[in-house]
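The next block holds one structure in the form of structure tokens; read it before the comments.
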Amino acid sequence: MALPICAIALLRASPGNFPATASVVAVAAVWTCAHAWWLRAGRGNALVAADTVVLLGLSASMFWTGALEDTNGAWLRLLVTFACVTCQWHTTPLVGGLMALAAGGGAAALVAAAGAAPGVLRGYLWVLPAAALSRTVWTLLRRAADRADRMAAEAARARAEAEVAAAVRAEERELANALHDTAATTLLMVGTGQVPSDAAWLAPQARRDLERLRSDDRQSARETDLVELLRADLDAVQLTVEFDAPPHLTLPTGIATTLADATREALTNVRRHAGTTRAAVRLSGDARALRLDIVDRGKGFDQEAVPPTRRGLRESVHGRMTRIGGTARIVSAPGEGTRVRLEWQETHD
């Protein structure tokens, strides 16, 4: 802003008054640069009083630069107005008001003493309303910015709390699923007489259930062989399972674990409810897209008749697949067996 103001002063000066005007312009330019550096360096507002004195001195230069005779006083008015307006942005209301009153009012008094025309004097008197308007707008902007910052901080805090709560709920849900799929199911089968308490496989199964609830070492690796997980679970379901799968299928550990857990729950349902000891597990696809079918020729069931309180299919199968971006589709009818189809494909954000 100082550059065009100084250019106006030099362009409107008469040849006879040019040297004096140029010297005053040089002082104004040097002081403006020094004051701007001071503020940018964060050295405080200690130069406000000195800035006021310099502005009054520059305004007084009209007595020896012939500014009134050359009608070249507009640049001084612009300089004073600009200084009083911008001062409101980096000072307290008291300091800014005193500076505007001293610099603007003092410049108007000097113009009046020099015998300037009423229009010129009115132009200087407008410095005070301009400074007041600048202070008002600046205060409103600061309050709006502070309010926006508070709202942004509150929104960020709310998002963080929601993320933590969601993580806690997810962990609780997975723990509940693991408990349902392991110890709870085993104990229920014993308690209802579906399995004799002295069954040879019961103790090893209980140990596996307990170990799974204690820790899940499979999550330590970035990738896991899904086929290996499925084979390990087939040995524990106490069914005769026809297993058709490729030799290996490596997936991200979270995806592979979820698919294996959902498959094991589907096989557990076969053992508990299907009235058959045989099932088939067929895996096809690759690391980008796959399909996993769990099929039995048991007695089947009416899906509409399943109580909403039963979480086996709803959480341990459907819920798990939904959380990894996959799908679970169950086809069953009384007397026609059951097919559980798990599908997953890689997505790119």
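The values are calculated or read from the model by the stated rules, or taken from the named source; none is laboratory data. Quick caveat, the model's predicted, so the values are computed rather than measured. All Cβ positions, glycine included, derive from the backbone under ideal geometry; neighbour counts span all protein chains shown. Ligands, DNA and RNA are stripped out before the accessible areas are found, and what is left, the full protein with its side chains, is counted by its heavy atoms. Shrake-Rupley method; radii C 1.70, N 1.55, O 1.52, S 1.80 Å.
Tabulated results
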| item | result |
| --- | --- |
| Boolean, Ser215 is at pLDDT below 90, of a type in the set (S, T, N, Q) and at negative phi | yes |
| Residue in region 222-236 that is at pLDDT 90 or above, assigned to a helix (DSSP H, G or I) and within 25 Å of Ser332 (Cβ to Cβ) present | yes |
| All strands (runs of 3 or more DSSP E) inside region 260-349 with 3 or more residues being surrounded by 13 or more Cβ atoms within 10 Å (Cβ to Cβ) and small (Gly, Ala, Ser) | 278-285 |
| Answer residue from region 79-100, given it is of a type in the set (A, V, I, L, M) and closer than 17 Å to Asn45 by Cα and is nearest to the chain's Cα centre (by Cα) among those | Val85 |
| Ala112 being at pLDDT below 90, in contact with a helix residue (DSSP H, G or I) (Cβ under 6 Å, 6 or more places away or on another chain) and surrounded by fewer than 17 Cβ atoms within 10 Å (Cβ to Cβ) | yes |
| Leading residue by the ranking (modelled with the lowest pLDDT) among those in region 123-144 that are open to solvent by 50 Å² or more (accessible area, probe 1.4 Å) and either of a type in the set (Phe, Trp, Tyr) or part of a loop (DSSP other than H, G, I, E, B) (or both) | Trp126 |
| Test for Arg207: is it over 25 Å from Lys299 (Cα atoms), in a helix (DSSP H, G or I), at pLDDT 60 or above and open to solvent by 50 Å² or more (accessible area, probe 1.4 Å) | yes |
| Among the residues listed as Arg147, Arg169, Arg173, the single one being modelled with pLDDT of 90 or more and either surrounded by 10 or more Cβ atoms within 10 Å (Cβ to Cβ) or not hydrophobic (A, V, I, L, M, F, W, C) (or both) | Arg147 |
| Unmet requirement for Asn17, which otherwise passes all of (1) out of contact with any Gly (no Cβ under 7 Å at 6 or more places or on another chain); (2) assigned to a helix (DSSP H, G or I); (3) open to solvent by 20 Å² or more (accessible area, probe 1.4 Å); (4) under 22 Å from Val111 (Cα atoms) | (1) |
| Residue list for region 237-259, restricted to those being part of a strand (DSSP E or B), within 21 Å of Thr327 (Cβ to Cβ) and within 35 Å of the chain's Cα centre (by Cα) | Leu251, Pro252 |
| Residue match in region 100-122 (condition: part of a helix (DSSP H, G or I) and either charged (D, E, K, R) or in contact (Cβ under 8 Å) with a residue 60 or more places away in the chain (or both)) | yes |
| Single residue of Ser59, Ser23 found to be free of Cβ contacts under 8 Å to residues at least 24 places away in the same chain, among the hydroxyl-bearing types (Ser, Thr, Tyr) and assigned to a helix (DSSP H, G or I) | Ser23 |
| Residue that is most open to solvent (accessible area, probe 1.4 Å) [pool: residues in region 43-96 that are among the charged types (D, E, K, R) and more than 19 Å from Val120 (Cα to Cα)] | Arg43 |
